[in-house]
Amino acid sequence: MTEARDNYLLDVAASRRGYAINRLCGSLKDPENRRRFSEDEAAYCDAYGLSEEQKKAILERDWTGMLELGASIFYTFKLAMLDQKSMQYLGGVFTGMSTEEFMAAMRSGGRNFG
Amino acid sequence: MTEARDNYLLDVAASRRGYAINRLCGSLKDPENRRRFSEDEAAYCDAYGLSEEQKKAILERDWTGMLELGASIFYTFKLAMLDQKSMQYLGGVFTGMSTEEFMAAMRSGGRNFG
Amino acid sequence: MARIIWGLATSHVPSIGAAMDNGKTADDYWKPLFDGYEPARRWMAEHTPDVAVVVYNDHANAVDLDQVPAFAIGTADRYPVADEGWGRRPVPPVTGAPELSEHLVRELIDDSFDITTYHRLDVDHGLTVPLSVYCPEPGQAWPCAVVPLLVNVIQYPQPTAARCLALGKALGRAIRSFPQDISVAVFGTGGMSHQLAGARAGLINTGFDRMFLDAIEHDPEKLAALTREDYIREAGTEGIELIMWLVMRGALSDTITRVHETYHVPASNTAAGLALFEDLGDREGAPA
Amino acid sequence: MARIIWGLATSHVPSIGAAMDNGKTADDYWKPLFDGYEPARRWMAEHTPDVAVVVYNDHANAVDLDQVPAFAIGTADRYPVADEGWGRRPVPPVTGAPELSEHLVRELIDDSFDITTYHRLDVDHGLTVPLSVYCPEPGQAWPCAVVPLLVNVIQYPQPTAARCLALGKALGRAIRSFPQDISVAVFGTGGMSHQLAGARAGLINTGFDRMFLDAIEHDPEKLAALTREDYIREAGTEGIELIMWLVMRGALSDTITRVHETYHVPASNTAAGLALFEDLGDREGAPA
Ligand SMILES: [Fe+3]
Ligand SMILES: [Fe+3]
């Protein structure tokens with residue numbers, strides 16, 4: 001899996017690059033779309049015009065890879081929710097911690113980068 | 001048919017009032033929607049949530065009435081095009097002229113309200 | 001004429017709403033936060049406004065990336081609660097205040113703010129959670145009408161903090177020039193420090209947050225001078241939501257008093273803050 | 001650095017495009033208009049820009065009333081030609097200039113313009129007809145890339161004329177600060193006097209149009225001082241599109257020269273005007 005950079009800014013260029021992947025994830029707001037996605041994830045990716053790299057990141061749930069390809073966390077979170085994964089799970093993925101470790105870090109005051 | 005006022009401004013209040021009627025007319029950009037509209041105009045109006053007044057204006061092609069109810073000419077023109085009516089036809093309707101009279105007025109330099 | 005009676009700055013973390021919706025506010029995890037809200041809630045319950053102008057951002061729900069407006073105002077008479085992908089929050093739909101919306105749009109556009117209008121808008125947790133922070137048990141209807149004011153904080157470049165403060169000042173003028181005799185509260189929502197993605201996920205910067213909580217009252221110009229890069233570095237990629245507090249602060253007069261504040265870590269992955277200000281500017285006998 | 005080489009003001013009446021698409025430009029009705037374009041077209045064909053920034057408005061095609069932005073910039077690498085309800089114009093799709101778009105968005109937002117971004121945008125006659133006025137026979141591709149800049153002129157309150165001129169000035173600064181060595185043309189489109197609906201449908205105000213054609217070169221500040229009510233009264237409810245010419249004019253330097261102009265009534269229900277200006281401001285030896 002991809003290693004995370006410090007920050008992911010959804011700038012205008014990333015919005016353009018990540019347009020298809022964000023549109024796909026955004027579509028999962030709709031229950032009918034969630035059903036169709038779950039039925040055949042690869043076909044759904046193709047229907048939304050994802051690049052091969054983007055499709056791979058989605059199918060493999062490479063959450064950091066998605067960000068590298070222009071995804072925004074607010075969009076990919078809808079996919080995580082479909083998988084019944086929390087924002088704390090994703091926090092763990094991005095930082096190389098287990099969900100429990102990440103939650104403990106938050107409860108002890110969060111991660112300090114002063 | 002309704003008599004036209006000098007101007008129709010699509011202000012924010014008119015946009016709100018005319019939301020359903022403009023949305024209906026805007027949907028006619030799509031050939032499939034045009035087909036469905038033509039098949040059963042009244043049902044289509046109901047599906048778009050038009051008020052009874054708005055529906056009546058659409059069904060009777062009361063072009064001025066539509067404007068009074070918050071429609072914008074850029075939207076209703078799509079309905080006119082479906083009817084194969086030109087902007088010159090509509091100009092005649094708004095001004096109480098035949099299409100030919102209206103076109104002649106335009107060719108002679110337009111209508112002057114100095 | 002309309003008058004602004006108070007301003008509320010509050011985080012709008014979805015899990016704060018979920019804690020209320022699922023009856024978890026007395027749990028160990030949540031109790032400190034909700035206890036912290038209590039004095040503010042009591043005070044606000046005694047000072048119900050006619051309309052709340054809620055400054056917030058959408059989170060990939062009503063606004064997709066096809067069109068991203070810097071500033072937008074809802075002009076509808078009703079705003080449905082958004083389904084963000086896991087069902088609608090069990091809270092009442094939001095009633096609009098379309099005449100005030102219309103007035104604000106015109107005044108702000110004439111004041112050189114390039115406002116987008118939304119005639120249809122499903123409001124997500126960015127707006128409904130602050131309403132729940134204000135009023136935990138609305139019953140069938142929220143206690144006031146709402147004008148949503150959206151700020152792009154998701155796509156870089158966001159409006160600058162300075163532009164947000166300037167918008168707030170213009171918003172204050174516009175509200176005060178509304179000819180109806182109504183009372184208005186202004187909500188600035190989002191923040192405080194948090195970052196959801198990347199290697200710095202879980203970032204909390206208590207020092208910055210405490211500084212911000214103080215300066216939002218006493219020195220908003222200092223906060224307005226920070227760049228978006230400053231916000232992202234200090235408060236995290238999502239902490240930049242704090243620029244929306246500046247819109248609220250700008251709308252208040254110079255004569256405000258702090259009714260209450262609270263600060264708690266964590267709410268989900270976020271530092272949650274609340275600051276409530278009474279606006280004395282319009283009160284009889286108060287300095288102009 | 002990028003430089004602005006010319007500015008074109010032109011009406012964007014759909015029937016002007018239809019006349020070209022249907023081979024009617026030599027008909028009695030259309031010949032005077034197209035003859036009037038000829039000298040401008042010859043000159044522009046010898047001065048092909050790398051990118052055209054086209055200031056225009058959508059007409060209920062890509063922009064519906066759900067969201068109405070005051071000012072928006074397209075950021076895509078390709079813009080499909082819109083089907084406005086009677087089939088797409090048989091013209092090439094429009095190639096974007098996304099790096100310039102991105103630069104303009106950032107510079108303008110930092111300059112306190114509240115720009116909406118469009119990542120997906122079908123461009124209607126408001127943009128494609130001016131491209132056809134510039135280049136009647138594009139073949140497989142338009143001669144330059146395009147950045148669409150949209151202005152709300154349909155929903156009242158539109159941005160003021162003064163705000164449009166100010167946007168143009170900021171746009172000019174932003175273009176000139178783009179680090180690539182490219183040439184840019186700016187199109188201001190719409191107008192001239194016309195009104196499509198209401199008892200005044202068919203309105204043409206030649207006196208106002210002639211004044212405007214002169215002042216757009218010599219006294220744009222005078223045009224910027226007119227209110228939206230002035231435009232609607234004098235030029236008609238759709239004639240207010242002329243405020244988009246001010247964006248183009250603002251982007252040009254103070255040292256411009258008029259290459260050509262033409263004015264003709266009617267094109268459909270509209271007074272059609274064209275004015276082409278060479279921008280000398282960036283030329284070596286030209287005054288700054
Ligand atoms: Fe948020
Ligand atoms: Fe137009």
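Can you find a residue in region C:67-75 that is surrounded by fewer than 24 Cβ atoms within 10 Å (Cβ to Cβ) and either among the polar types (S, T, N, Q) or within 16 Å of ligand 2 (Cβ to nearest atom) (or both)? Scanning region C:67-75 turns up at least one residue that is surrounded by fewer than 24 Cβ atoms within 10 Å (Cβ to Cβ) and either among the polar types (S, T, N, Q) or within 16 Å of ligand 2 (Cβ to nearest atom) (or both). Can you confirm whether C:Ala70 is modelled with pLDDT of 95 or more and within 16 Å of ligand 1 (Cβ to nearest atom)? Judged against the criteria, C:Ala70 is not a match.
All conditions in (1) touching a helix residue (DSSP H, G or I) at 6+ places or on another chain (Cβ under 7 Å); (2) more than 13 Å from ligand 1 (Cβ to nearest atom) hold for C:Ile243, with the sole exception of (2). Of the listed requirements (1) more than 16 Å from ligand 1 (Cβ to nearest atom); (2) surrounded by 15 or more Cβ atoms within 10 Å (Cβ to Cβ); (3) more than 18 Å from C:Ala185 (Cα to Cα), C:Val51 misses just one: (3). Tell me which residues, restricted to region B:86-104, are free of Cβ contacts under 8 Å to residues at least 12 places away in the same chain and over 17 Å from B:Leu67 (Cα atoms). Of everything in region B:86-104, those that are free of Cβ contacts under 8 Å to residues at least 12 places away in the same chain and over 17 Å from B:Leu67 (Cα atoms) turn out to be B:Met97, B:Ser98, B:Glu100, B:Glu101, B:Ala104. Restricting attention to region D:22-48 and to residues that are without any contact (Cβ under 8 Å) to a residue 60 or more places away in the chain and among the small types (Gly, Ala, Ser), the residue that is surrounded by the fewest Cβ atoms within 10 Å (Cβ to Cβ) turns out to be D:Gly23. Out of all the residues in region A:26-37, is one or more in contact with a Cys (Cβ under 6 Å, 6 or more places away or on another chain), of a type in the set (Ser, Thr, Tyr) and assigned to a helix (DSSP H, G or I)? No: zero hits. Considering only residues in region C:96-121 that are over 22 Å from C:Cys164 (Cβ atoms) and in contact with a Phe, Trp or Tyr (Cβ under 7 Å, 6 or more places away or on another chain), the one that is surrounded by the most Cβ atoms within 10 Å (Cβ to Cβ) turns out to be C:His119. Any residue in region C:61-78 that is free of Cβ contacts under 8 Å to residues at least 60 places away in the same chain, at negative phi, in contact with a His (Cβ under 9 Å, 6 or more places away or on another chain) and at the interface with chain D (Cβ under 7 Å from one of its Cβ atoms)? Scanning region C:61-78, I find at least one residue that is free of Cβ contacts under 8 Å to residues at least 60 places away in the same chain, at negative phi, in contact with a His (Cβ under 9 Å, 6 or more places away or on another chain) and at the interface with chain D (Cβ under 7 Å from one of its Cβ atoms), so the answer is yes.
Considering only residues that are under 14 Å from C:Pro159 (Cβ atoms) and either surrounded by fewer than 19 Cβ atoms within 10 Å (Cβ to Cβ) or within 16 Å of ligand 1 (Cβ to nearest atom) (or both), which ones fall in region C:207-228? Those that are under 14 Å from C:Pro159 (Cβ atoms) and either surrounded by fewer than 19 Cβ atoms within 10 Å (Cβ to Cβ) or within 16 Å of ligand 1 (Cβ to nearest atom) (or both): C:Thr227, C:Arg228. Close contacts from region D:173-199, counting a first residue that is among the aromatic types (Phe, Trp, Tyr) and a second that is within 12 Å of ligand 2 (Cβ to nearest atom), with Cβ to Cβ under 8 Å and a gap of 6+ residues or different chains, come to D:Phe187/D:Thr10; D:Phe187/D:Val55; D:Phe187/D:Tyr56; D:Phe187/D:Pro130. Filter region A:53-106 down to the residues that are more than 17 Å from C:Ala18 (Cβ to Cβ), in a helix (DSSP H, G or I) and basic (Lys, Arg) and list them by number. Once the filter is applied, which keeps residues that are more than 17 Å from C:Ala18 (Cβ to Cβ), in a helix (DSSP H, G or I) and basic (Lys, Arg), region A:53-106 yields A:Lys55, A:Lys56. Quick check on this structure: which one of A:Tyr19, A:Tyr8 is facing chain C (nearest Cβ under 9 Å), touching a His at 6+ places or on another chain (Cβ under 6 Å), among the aromatic types (Phe, Trp, Tyr) and crowded, with 16+ Cβ neighbours inside 10 Å? Of A:Tyr19, A:Tyr8, the one residue that is facing chain C (nearest Cβ under 9 Å), touching a His at 6+ places or on another chain (Cβ under 6 Å), among the aromatic types (Phe, Trp, Tyr) and crowded, with 16+ Cβ neighbours inside 10 Å is A:Tyr19. Take the conditions (1) closer than 30 Å to A:Leu90 by Cβ; (2) of a type in the set (A, V, I, L, M); (3) more than 16 Å from ligand 1 (Cβ to nearest atom); C:Leu274 misses just one of them, which is (3).
Checked against the criterion of being of a type outside the set (S, T, N, Q), touching a helix residue (DSSP H, G or I) at 6+ places or on another chain (Cβ under 6 Å), modelled with pLDDT of 95 or more and farther than 19 Å from D:Pro220 by Cβ, the candidates D:Tyr134, D:Tyr118, D:Tyr156 yield just one match: D:Tyr134.
The values are calculated or read from the model by the stated rules, or taken from the named source; none is laboratory data. Since this is a predicted model, take the numbers as computed values, not measurements. Methodologically, a virtual Cβ is constructed for each residue, glycine included, from the backbone with ideal geometry; neighbour enumeration extends over all protein chains shown.
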